[in-house]
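Rule-based calculations on the coordinates, nothing more; no lab input. Here the structure is a predicted model, which is why all the values come from computation and not from measurement. Cβ: placed from backbone, ideal geometry, glycine included. Neighbour counts: every protein chain shown.
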Amino acid sequence: MTLDQLRYLVALDEERNFTRAAERVFLTQPALSIQIRRLEEELGVRLFDRSKKPLEPTEIGKQVIAQARRVLEEAERLKALARGEEGVFQGPFRIGVIPTLAPYLLPKLLPRLKARFPALELSVKETLTPGILQGLLEGHLDAGLIGTEERAPGLEVHPLFRETFLAYVSPQHPLYHRQALHPLEIPLEDTWVLAEGHCFREQVLSVCRPSLGAKGVEFQSGDLETLVLLVEEVGGLTLLPEVALWTLPREKHRHLRPLDPPQAGRTVNLVLRSGALKRSVALALGEEVRALAEALRLEASG
């Protein structure tokens, strides 16, 4: 097998279509099919289920593709060693960010990264934590920013900053007139929460008092800004991570109530694949996030 065949294999996995993958690697579709078939014959396994649309890798194919990505990464490492360490800080760098962090962090973070690493070709994907972890392990992502402390073989987790949760309360709600709220005083039946699959949803459910009654309206959103608008227009309350204050207009701060005791919160973590080629880039990303979070926290409190 050749490195080119492994590149064709990865391209086909990412495109899930022979025509698009062939265009991407500058081959004709028949030529790409021949190369993939030769690779399958050499390995003695079927790598893709061609009966499915879009194309899907077989179970053994998924393992082979993941290993192919590691081989290609090691080949790139050889080139980086020849160029020197600065060679790592160029080319594609793919970041996954959870939705409860992306809209508050990325508008400030991306310009800083482009200024510090102008040769990097940044690609950012907003997705849930399981998708980030899978993307790292399969080689689709180079780094991830998540709000939970994940432990999985083959991954490194680096804490960046700790943030507290705050309640965002409608003036019509009885708790609005309180200066601070105990978490167990927050009624879940009055609280707007994110949809299932969001780690922030589970963190909120673990904080609030269990439901004592039925909700008047059941609505699950994937966007914290939607929950804020629901509080303002419909009533009730929601919980927000501290990062949401970075973009919250000053006049809306009157809706915020701290939690007392203030233990409810989360740690934002940088996660990357152990031994990744661009580990130094990922760690530099973490440094930028940590510095930016401190600067924005001071700005929000001021």
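Key figures for this structure:
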{"item": "Within a Gaussian network of the chain (alpha carbon springs, distance under 10 Å), most fluctuating of 231, 271, 289", "result": "231"}
{"item": "For q = 0.19, 0.20 Å⁻¹, Debye-computed log10 I/I(0) when each Cα of region 1-151 counts as one equal scatterer", "result": "-1.23, -1.28"}
{"item": "Cα gyration tensor, region 3-70 - rounded (a/c under 1.5), prolate or oblate", "result": "rounded"}
{"item": "Inter-centroid distance (Cα atoms) of region 230-302 relative to region 115-141, Å", "result": "19 Å"}
{"item": "Per principal axis, descending, Cα span of region 163-264 in whole Å", "result": "32, 27, 25"}
{"item": "Sites residue 254 and residue 151, calculated FRET efficiency, Cβ-Cβ separation with R0 35 Å, nearest 0.05", "result": "0.30"}
{"item": "Rel. contact order, % - alpha carbon contacts under 8 angstrom, at least six apart, region 3-70", "result": "34 percent"}
{"item": "Extended-chain gain in nm, criterion 0.36 nm per residue less alpha-carbon gap, residue 225 and residue 29", "result": "66.1 nm"}
{"item": "Bins of 20 Å, starting at 0 and running to the largest distance - Cα pair percent for the chain", "result": "29, 47, 23, 2"}
{"item": "Calculated log₁₀ intensity ratio I(q)/I(0) where the Debye formula runs over C-alpha points of region 91-244, q = 0.18 Å⁻¹", "result": "-1.09"}
{"item": "Amide N of region 173-194 lying under 19 Å from the label point, which is placed 7 angstrom from the Cα of residue 263 along Cα→Cβ", "result": "180-187"}
{"item": "Fluctuation leader among 106, 230, 27 - the chain, Gaussian network, Cα springs under 10 angstrom", "result": "27"}
{"item": "R0 of 41 Å, Cβ-Cβ distance residue 189-residue 287: FRET efficiency to nearest 0.05", "result": "0.45"}
{"item": "Dipole magnitude (debye, nearest 20) for the chain, charges at Cβ of Lys, Arg, Asp, Glu", "result": "480 debye"}
{"item": "Nearest-0.05 FRET efficiency for residue 162 and residue 78, computed from C-beta distance (R0 30 Å)", "result": "0.15"}
{"item": "Counting all C-alpha pairs of region 44-106, share separated by more than 17 Å (%)", "result": "64 percent"}
